[in-house]
Amino acid sequence: MTITLVGAAGGEVTGSCYIVETKQARILVDCGQFQGGKKAEAQNRPPTAPNFVLDAVLLTHAHLDHTGRLPLLARMGYTGTVYGTPATLDMTGLILRDSARLQVADNERNNRKLLRAGEPLEEPLYTPEDAEKILLQLRPVPYQQEFEAVPGIKAIWHDAGHMLGSASIQLIVEEDEQTKRVVFSGDLGPRSAPILREFEPFQQADLVFLESTYGGRDHRSFEDTVAEFERIVIDAVNRDGKMLVPTFAVGRAQLITLLLGKMFRAGKVKPFPIFLDSPMAIEATNIYAKHPELFDEEMTALIRDHPLRDDLKTMKPTPTADESRAINDVRGACLVMAGAGMCNGGRILHHLRANLWKPSTHVLIVGYQAQGSLGRLLVDGAKEVTIFGEKIAAKATIHTLGGFSAHAGQTDLMHWFDVIAPSKPRVVLTHGEDDQRAALAKQIQQRHQLTCKLPKIGDVIEL
Ligand SMILES: [Zn+2]
């Protein structure tokens, strides 16, 4: 058996994709998109050659950096099955449709420039039709149930605690009268985060691919972050301030919603208007509501006799652009969740233009802000920024809440690995920048005397 790394290696954190090849079959584990700038995106080619026979695709979870190249498979004629947990398939539909729409819009904008420059026009990476085609090939698999994905390869999905439906996958490969187990951690979530169940590690592997996004450090504790969030909210409400939360549609928006509902229920603050100002976040929230079987005990108990929406009567989803603009006229304390999460586009921009210059405004940064994004400029203390070509003074208070990450920090990654380590697997660290995976490799060496491989894209591992 060979496993080829087609992404999320060599210090990259995006583009997750592995080709697993036996004498009987070829499968992909994940088929993710490279993200973050032109250079990364230029790598978004199909993961396999056009004449390559592919028997199945297995998904760990729905994030674009794990699913975003699936429409390219449809485009090159792949008609086989794509397996994932039921919630992963729901979320994949949401994420790929949104991505295809953005691909087409970006392409149109780019082509207008090319046209003016007299250059040849380009095709979008993929279209909504390509996305719809591959979505018809999705098939659900339950957690914890071994099943034969292709002849000679059985697979089991275990909860990864990272996003709704997320999983680690164990392959049980029969070849040459031998059985080998290969585990893909997928992205692992922090153990203390609410809503979702925590990860369930596997106990056995001959080879394990472990993510290392935060392999070198721990986040601020979740409890401390919640306490800080509550302090900011109470203070802003007392001063009639507007709170703007640039938010990723899936995960963080639902977390903030839960925290506010709990504050209202506990009487920590009087209910005030909340706007879920993102069509995608509204849809993601509906998908969460469809899957209460995936909630952890605390969340299940919280909603058992008393649904959260009873606490959140002041929350208003605002799907249309007109409803979004009308939020500008709301007086007094309110909180707006809008995308994009890094303020590099989306409705959050018009809210920032209207409110960033006011000292009474609070901006709550709850997610990662990449170098060069408007969100990063605000975090770094810019006094003035440009939004829609207009100079806006940054007089609002900017709060950075570091503990709401959807990724496990080093301690939790080691907790997951400690369970599988006694089976003495070969270890390959992926999905991490070089300093992070080197730090995790050091920990694993010290604690378990196992040497980790830090692969490059294109590396082939034989087992
Ligand atoms: Zn992820």
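The values are calculated or read from the model by the stated rules, or taken from the named source; none is laboratory data. Worth saying up front: this structure is predicted, and the values here are computed from it rather than measured. Glycine also receives a Cβ, built like all others from the backbone with ideal geometry; neighbour counts cover every protein chain displayed. Remember, those area values only see protein heavy atoms, side chains included, never the ligands or the DNA or RNA. Shrake-Rupley method; radii C 1.70, N 1.55, O 1.52, S 1.80 Å.
Looking at region 1-83, which trypsin sites (Lys or Arg not before Pro) are DSSP coil and have at most 14 other C-beta atoms within 10 Å of their C-beta?
Values: sites: LYS23, ARG26, LYS38, LYS39, ARG69, ARG75; in loops: LYS23, ARG69.
Those satisfying the criteria are LYS23.
How much length is gained on full extension from ARG426 to ASN110, taking 0.36 nm per residue of separation minus their Cα-Cα distance?
109.3 nm
Less than 20 Å from a label point 7 Å out along the Cα-to-Cβ axis of ALA301: which backbone N atoms in region 219-237 qualify, by residue?
Of the residues in region 219-237, 222-224, 226-227 have backbone N under 20 Å from the label point off ALA301.
How do ASP206, ASP159 rank by accessible surface area computed with a 1.4 Å probe, from largest to smallest?
Result, largest first: ASP206, ASP159.
Tell me the Rg and the Dmax, in Å, that the Cα atoms of region 34-166 produce.
16.5, 56
Starting from the 7 Å offset along Cα-to-Cβ, what nm value, one decimal, do you get for the label separation of GLU122 and LYS383?
3.8
What is the mean projected area of the alpha carbon convex hull for region 295-357, to one decimal in square nanometres? List each step's numbers first, then the result.
Working: hull surface 24.6 nm².
Taking the Cα atoms of region 295-357, their convex hull projects to 6.1 nm² on average.
Mind ordering 169-175, 392-398, 145-151 by average Cβ neighbours within 10 Å, highest first?
Details: 169-175: 19.6, 392-398: 17.1, 145-151: 13.6.
So the order, starting with the most tightly packed, is 169-175, 392-398, 145-151.
On a 31 Å Cα-Cα criterion, which of the cross-link pairs LYS262/LYS442; LYS133/LYS424; LYS268/LYS383; LYS268/LYS395; LYS113/LYS242; LYS180/LYS442 come out too long?
LYS262/LYS442; LYS133/LYS424; LYS268/LYS383; LYS113/LYS242
So, in nm, how far is label ALA40 from label ASP418 when the simple model puts each one 7 Å beyond its Cα toward the Cβ?
3.2
Once both axes come from the Cα atoms, what is the angle between helix 222-238 and the longest principal axis of the chain, in degrees from 0 to 90, rounded to 10?
Around 20 degrees separate the two axes.
Taking the full set of protein chains and a 1.4 angstrom probe, give the accessible area of SER360 in square angstrom, rounded to the nearest 10.
60
Can you give the Rg to Rh ratio of region 358-463, both from alpha-carbon atoms, with Rh computed by the Kirkwood formula?
1.18
Could you work out how far helix 279-290 tilts from the main Cα principal axis of the chain, as a 0 to 90 degree angle to the nearest 10?
60
Tell me, what is the Rg over Rh of region 175-284, with Rh the Kirkwood radius over Cα pairs? It would help to have the intermediate numbers written out before the result.
Numbers: Rg = 19.7 Å, Rh = 17.4 Å.
In region 175-284, Rg relative to Rh is 1.13.
Among the trypsin sites (Lys or Arg not before Pro) in region 303-352, which ones are in a DSSP loop with at most 12 other Cβ atoms within 10 Å of the Cβ? Mind listing them?
LYS313, ARG331
Stokes-Einstein at 10 °C, 1.306 mPa s, Kirkwood radius from Cα pairs: D for the chain in µm² s⁻¹?
Rounded, D is 69 µm²/s.
To the nearest 10 square angstrom, how much accessible area does THR400 have with a 1.4 angstrom probe?
70
How big is region 88-182 along each principal axis, measuring the range of its Cα positions in Å and listing the largest first?
61, 32, 23
Provide, in order from the shortest bin, the percent of all Cα-Cα pairs of region 62-109 in each 5 Å bin, continuing until the bin that contains the maximum pair distance.
5, 19, 28, 25, 16, 5, 2, 0
Need one number: nm distance between label points at ASN328 and ASN238, each 7 Å from Cα along Cα→Cβ, rounded to one decimal.
Reported label-point gap for ASN328 and ASN238 is 3.2 nm.
Which value, in Å² and to the nearest 10, is the accessible area of TRP357 when all protein chains are kept and the probe is 1.4 Å?
130
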